[in-house]
Amino acid sequence: MNSIKIIVIGLSLFCCQLVTSQTNSSDIVMNLQIGTLSEIVIPEPYLTIQIPVKIMEMRDVPGRSKRVITVHPVISERTTTNIRVYTQHYDFNIKAFINHSNRRATQSLDLNEFTKHVKPWKNSTDDSSTNSTNGKYKPDNMDPTKNTWELELLKGMLKVKPDLLKPNKHAHAIVQNRVVFGIDYIFHYEEGIVFKATLWNKSKVPYHILNLTITYKEKSGVPLISERETKTLRLTPVYEKYSKKIVPQGEKSHIIYMTSKLSPQDTGFFNCVLIEKNGTRNFNFDIPSYIKD
């Protein structure tokens, strides 16, 4: 009887070890330590990355396109979180252990090794002319009727901001050669921050939007005495939409730029940069980080 119990216990332990080994083999694990930079190497340029900004910063590696990301933990307590990396064809989920004393910091994590275990996006395409975010097709116009997912997203935003698709006369704006660009609204929506902007082309030359980037910054010390920046975080859009990318004379383009949620300080600010394709009418200005829901 005892021998039977021993055999049953042994088989149970073996099965547990087998299940554990199978589960761990498919997990992507990364160990992060405060003060230590870690690299994430991905098989193709990324569309977006979701990282809890309370825990870490993320920055590109200069000169290496969007295939390498440097991750920098900025909190001292021990915690565990998930890092989501979306590329044109893949969706990676990385379990990150931060400041765990029994874990050695990961210097470089190469996601190319895990592509065999990650299912590609459905209906993914190699056509660079398609504009996609998080694996969902994103047409270059403001009419979302052809896409149920975008329609529901826009409906939800309009409930929070009924004037979302109208220019705000009180917007923070700047003028370059008769082209006006302003940030109309900044507000929280679900698990993100929405930046709504308007570009009004009053010139006689069409304006071709190349890209918009928004960076959150904080500074330490007393203003005018110490201007040392303590935090710089480029916000990666989880959703981006233009009414027009080429804005003809006298017309307006509405831009929606949605990023992951963060908790900005009153002393921080958002740096907005809009670049014209094959042109010099570029915009670079700062706005206070006050967010009104």
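The values are calculated or read from the model by the stated rules, or taken from the named source; none is laboratory data. Computed from a predicted model, the values in this text were never measured in an experiment. Glycine also receives a Cβ, built like all others from the backbone with ideal geometry; neighbour counts cover every protein chain displayed.
Search segment 73-95 for residues being assigned to a loop (DSSP other than H, G, I, E, B) and in contact with a Phe, Trp or Tyr (Cβ under 9 Å, 6 or more places away or on another chain), and hand back the single one that is surrounded by the most Cβ atoms within 10 Å (Cβ to Cβ). Among those that are assigned to a loop (DSSP other than H, G, I, E, B) and in contact with a Phe, Trp or Tyr (Cβ under 9 Å, 6 or more places away or on another chain), it is Tyr90.
The set of residues in segment 255-269 that are touching an Asp or Glu at 6+ places or on another chain (Cβ under 9 Å) and not in a loop (DSSP other than H, G, I, E, B) comprises Ile255, Ile256, Tyr257, Met258, Ser260, Phe269. For segment 151-170, the criterion of being in contact (Cβ under 8 Å) with a residue 60 or more places away in the chain, under 17 Å from Pro288 (Cα atoms) and surrounded by 14 or more Cβ atoms within 10 Å (Cβ to Cβ) is met by no residue.
State which residue is farthest from the chain's Cα centre (by Cα) when the search covers only segment 170-212 and only residues that are in a strand (DSSP E or B) and of a type in the set (D, E, K, R). Applying the filter and picking the extreme gives Asp184. The C-beta contact set for segment 261-284 (first residue in contact (Cβ under 8 Å) with a residue 40 or more places away in the chain and outside the structural domain of Ile49 (by TED's automatic domain parsing), second residue assigned to a loop (DSSP other than H, G, I, E, B) and of a type in the set (Gly, Ala, Ser), distance under 6 angstrom, 6+ apart or interchain) comprises Pro264/Ser289; Gly268/Ser289; Phe269/Ser289; Phe270/Ser289. One residue stands out in segment 241-261 among those that are crowded, with 18+ Cβ neighbours inside 10 Å and farther than 13 Å from Thr198 by Cα: the one that is modelled with the lowest pLDDT, namely Ser260.
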